Amino acid sequence: MRKSQNTSVLRAFAAELKHKRGLLGINQEELAFRAGVHRSFIARVEVAETQPSLSVLFDLAKALNCSPSDLVKGVDERVQKELEASEAKSSID
C-alpha cells in the first residue's frame, strides 16, 4: 500500500523547482526537454500534484545545473521554514 504524499514536501519541491528554473530563465518546456520528461509532468510537479521518482530528481537536477543534493537541500530548507512558521502560529493561537 502506498503511503499518502507529504503535502509540505510536495509544495516545497514545487517552489524550489520553480525558483531554480526561474534563476536559469527557462520555461517548463525547456526544463522538460533538458530533463527528458513531458512538459505536463513539470507543470504537475510545480503545482504540487505529483513528485518525481529518484531517477527523475537526478535528471531534473542536471537540467537545472545543480546537484541532486543541492536540490534536496533547498527543498528541506523550505520544509523547515514552513514547519517553523506553523509552530510559531500554533504558539500564538
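The values are calculated or read from the model by the stated rules, or taken from the named source; none is laboratory data. As the structure is a prediction and not an experimental result, all values here were calculated from the model. A quick note on method: Cβ atoms are made from the backbone with ideal geometry, for glycine too, and the neighbour counts reach across all protein chains shown.
Limited to the range 37-70, what total is found for residues that are without any contact (Cβ under 8 Å) to a residue 24 or more places away in the chain and over 23 Å from T7 (Cα atoms)?
1
Are any residues in the range 22-33 within 15 Å of V56 (Cβ to Cβ) and either without any contact (Cβ under 8 Å) to a residue 12 or more places away in the chain or out of contact with any Asp or Glu (no Cβ under 8 Å at 6 or more places or on another chain) (or both), and if so, which ones?
Across the range 22-33, the qualifying residues are L31, A32, F33.
Taking the residues in the range 70-93 that are surrounded by 10 or more Cβ atoms within 10 Å (Cβ to Cβ) and among the polar types (S, T, N, Q) as candidates, determine which candidate is modelled with the highest pLDDT.
Q80
Could you identify the single residue in A48, A63 that is among the small types (G, A, S) and at positive phi?
A48
Run R2 past the list (1) surrounded by fewer than 16 Cβ atoms within 10 Å (Cβ to Cβ); (2) at pLDDT 95 or above; (3) not in a helix (DSSP H, G or I) and report the number of the one that doesn't hold.
(2)
Checking V75 against (1) without any contact (Cβ under 8 Å) to a residue 40 or more places away in the chain; (2) part of a helix (DSSP H, G or I); (3) touching an Asp or Glu at 6+ places or on another chain (Cβ under 9 Å); (4) among the β-branched types (V, I, T): exactly one of these is not met. Which one?
(1)
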